[in-house]
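The values are calculated or read from the model by the stated rules, or taken from the named source; none is laboratory data. Because the structure is predicted, anything quoted here is derived from the model rather than measured. Cβ coordinates were reconstructed from backbone atoms using ideal geometry, including for glycine residues, and neighbour counts include every protein chain displayed. These accessible areas exclude ligands, DNA and RNA; they are computed on the full protein's heavy atoms, side chains included. Shrake-Rupley method; radii C 1.70, N 1.55, O 1.52, S 1.80 Å.
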Amino acid sequence: MILARMQSFDRTPKQIVGGFSGAVGNTPLIELSRLSALIKRRVLAKAEFLNPGGSVKDRAAKGIVDDAEAGGLLQRGGTIVEGTAGNTGIALTLLGNERGYRCIIVVPDDQSQEKIGLLATIGADVRVVPAVPFTDGQNYYHVARRIAESTPNALWANQFENVANRRCHERSTGVEIWEQTGGEIDAFVAAAGTGGTLAGVSAALKARRDTVRTVLCDPMGSSLYNYLHRGELSPEGESDLEGIGIKRLTANFAGAPIDKAIRAEDNDAIAMVHWLLRNEGLFVGGSSGLNVLGAARTARELPEGATVVTILCDGGDRYRSRLFNESWLRENGHWPLSDDLSFLDPTGS
Ligand code: PMP
């Protein structure tokens, strides 16, 4: 059933929440009304860009820091160190400001200037490093680990291997999706950066009904599509989408109950980002475009009326100089953008 457009702004219950931490999660599940009507299947998107730090990574940051505090790994006045594409760093810095921790954030230099600038604005000690492969010791992941090892009273958040990340999605995002849909959900689709969101949500949904179909939508350049199909971590192609795609198996992704892997080209994901802006009024980033694209393609394989849920990971503001800048789009081969839904038909794999 397609919901009528909301008649009121009321979302009960009204609550007072405790600070930044209390404001994380319980995000709206937005029906993409136009898309749903066009494909005759309901596509619902979890509005993670409405978290107080502006992305899905607020949840992981809170999960990791709560876990470290409970385990006595982080004392007041301590330092949190992390290597990140940006959003986890933004989330950790804001949470650190609230709870009294300093943050050292290591970011590769191929991430958007908006995210790097924002990190500095909100008070992170930002270390920008060259974007080099994981096998290089100068990769942001290894640099962060070394900084944490040599800093007194420091916690390395280690979002890739620290399964407090996946657990927080299992306990929050996944449960919220189940409750918000009243269990009426046929499939869940998401890309993976650390894999925490996809693995955690999939586990929560499967625990409640194991026929919920869980789907990875991988960007090009990532290894997970081939890993799930052939057991090989062999990337193909490349992607300019930030925060998603990974060439190795992380603890957060390993063993995730995933039924199917699909992959999609950047140009189709970016076309979806613009389509969502113009047709749904949703201003989101590239990974959200890929997720909605994957959700729509998955929905079209299901019977009419099926419900597919995905994630709107962060807002478009973080990518204004790239995804919403014609020169950048042209320079990177993403122009012209398709302006109808023809991009729902896969051009890639
Ligand atoms: N989209 C964006 C923009 C992100 O920053 C991230 C996190 N790296 C993701 C999606 C993927 O989330 P996860 O790490 O939970 O797989």
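When you check residue 77 against the structure, is it more than 22 Å from the chain's Cα centre (by Cα) and touching a residue at least 60 places away in the same chain (Cβ under 8 Å), yes or no?
Yes: the conditions hold for residue 77.
If I go through the stretch 287-322 residue by residue, how many of them are within 19 Å of residue 218 (Cβ to Cβ), open to solvent by 10 Å² or more (accessible area, probe 1.4 Å) and not in a helix (DSSP H, G or I)?
Counting residues in the stretch 287-322 that are within 19 Å of residue 218 (Cβ to Cβ), open to solvent by 10 Å² or more (accessible area, probe 1.4 Å) and not in a helix (DSSP H, G or I) gives 2.
Can you confirm whether residue 59 is crowded, with 17+ Cβ neighbours inside 10 Å and under 16 Å from the mean Cα position of the chain (by Cα)?
yes
I'd like the full set of residues that are crowded, with 24+ Cβ neighbours inside 10 Å and at pLDDT 95 or above, limited to the stretch 75-93.
Within the stretch 75-93, 80, 81, 82, 83, 87, 88, 89, 90, 91, 92, 93 qualify.
Being part of a loop (DSSP other than H, G, I, E, B) and free of Cβ contacts under 8 Å to residues at least 40 places away in the same chain is the requirement here; does residue 194 meet it?
no
Quick one: residue 267 ticks every box in (1) in contact (Cβ under 8 Å) with a residue 40 or more places away in the chain; (2) open to solvent by less than 20 Å² (accessible area, probe 1.4 Å); (3) outside any loop (DSSP other than H, G, I, E, B) bar one, so which box is it?
(2)
Within the stretch 138-157, can one find any residue that is open to solvent by 50 Å² or more (accessible area, probe 1.4 Å), at pLDDT 95 or above and farther than 26 Å from residue 80 by Cα?
No, because not a single residue in the stretch 138-157 is open to solvent by 50 Å² or more (accessible area, probe 1.4 Å), at pLDDT 95 or above and farther than 26 Å from residue 80 by Cα.
Only one of these is over 23 Å from residue 299 (Cβ atoms), at pLDDT 95 or above, within 16 Å of the ligand (Cβ to nearest atom) and part of a helix (DSSP H, G or I): 161, 170, 176. Name it.
One residue alone meets the criteria, 170.
Residues are listed down the side, and each one gets a yes or a no for (1) within 16 Å of the ligand (Cβ to nearest atom); (2) in contact with a Lys or Arg (Cβ under 8 Å, 6 or more places away or on another chain); (3) under 28 Å from residue 207 (Cβ atoms):
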residue: 239; (1), (2), (3): yes, no, no
residue: 242; (1), (2), (3): yes, yes, no
residue: 248; (1), (2), (3): yes, no, yes
residue: 254; (1), (2), (3): yes, no, yes
residue: 259; (1), (2), (3): no, yes, yes
residue: 280; (1), (2), (3): no, yes, no
residue: 283; (1), (2), (3): yes, no, no
residue: 290; (1), (2), (3): yes, no, yes
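Condition first: hydroxyl-bearing (Ser, Thr, Tyr) and assigned to a strand (DSSP E or B). Now tell me which residues in the stretch 203-218 satisfy that.
Once the filter is applied, which keeps residues that are hydroxyl-bearing (Ser, Thr, Tyr) and assigned to a strand (DSSP E or B), the stretch 203-218 yields only 214.
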